[in-house]
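Okay, structure first, notes after.
FYI, it's all coordinate maths here, none of it is from the lab. Everything numeric in this text was worked out from a predicted model, so none of it was measured. Neighbour counts run over all protein chains shown; Cβ positions are idealised from the backbone, glycine included.
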Amino acid sequence: MANIKSAQKRDRQDKKRRVINLARSSALKTAVKKVLAAIENKEAADTVKKLFVAAESQLARAKRKVLHPNATARKVGRLAKHVNVYTKSIK
C-alpha cells in the first residue's frame, strides 16, 4: 500500500477502473461471440446485422483504455467481413 496520499487515491481509482474495464472487455467478447454464433447457426440476415451493430458499439466504447484503437478497428473490420460474406451468401 502506498504511503503518499495522492498515490493512495490513484490506487483506489485504478481498482475502480480495473473492474469497469473487465466488465467492458467481457461484454465485448460476448457480443462478438454472439455475432459469430448467429452466423454459424445460419440465423436471419437482419438478426446478424443487429447483433453486429451492437458488437460494433461495444467495440467503439472499448477504444477508450480497454483496447488499443488499432486493435478495435481490426476487430470491427474482421467482424464486418464475416457479416458481409454471410449476408451475400444468403441472398
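For the chain, list the DSSP H helices whose alpha carbon atoms reach 27 Å or more along the long axis and whose average Kyte-Doolittle value is -1.0 or above?
Sorted by number, the helices that extend far enough and score high enough are 5-40, 69-90.
Okay, helix-only estimate at 222 nm for the chain: each DSSP H run of n ≥ 4 adds -39500 (n - 2.57), divide by all residues, round to 500 deg cm²/dmol; what do you get?
About -29500 deg cm²/dmol.
For the range 5-90, what does the relative contact order come out to in percent, with C-alpha contacts under 8 Å and a separation of six or more?
31
Return the subset of Lys5/Lys63; Lys42/Lys75; Lys29/Lys50; Lys63/Lys91 for which the Cα-Cα distance in this structure is over 24 Å, preserving the input order.
As for pairs spanning more than 24 Å Cα to Cα, those are Lys5/Lys63; Lys63/Lys91.
Please compute the length gained on full extension between Lys50 and Lys34, using 0.36 nm multiplied by the number of residues separating them and subtracting their Cα-Cα distance.
Here the answer is 4.7 nm.
Could you check the simple spin-label distance between Lys9 and Asn21, using points 7 Å along Cα→Cβ, in nm with one decimal?
With each label placed 7 Å out from Cα toward Cβ, I get 2.0 nm.
What list do you get for Leu67, Leu22, Leu51, Leu36 if you sort them by fewest beta carbons within 10 Å?
Leu22, Leu36, Leu67, Leu51
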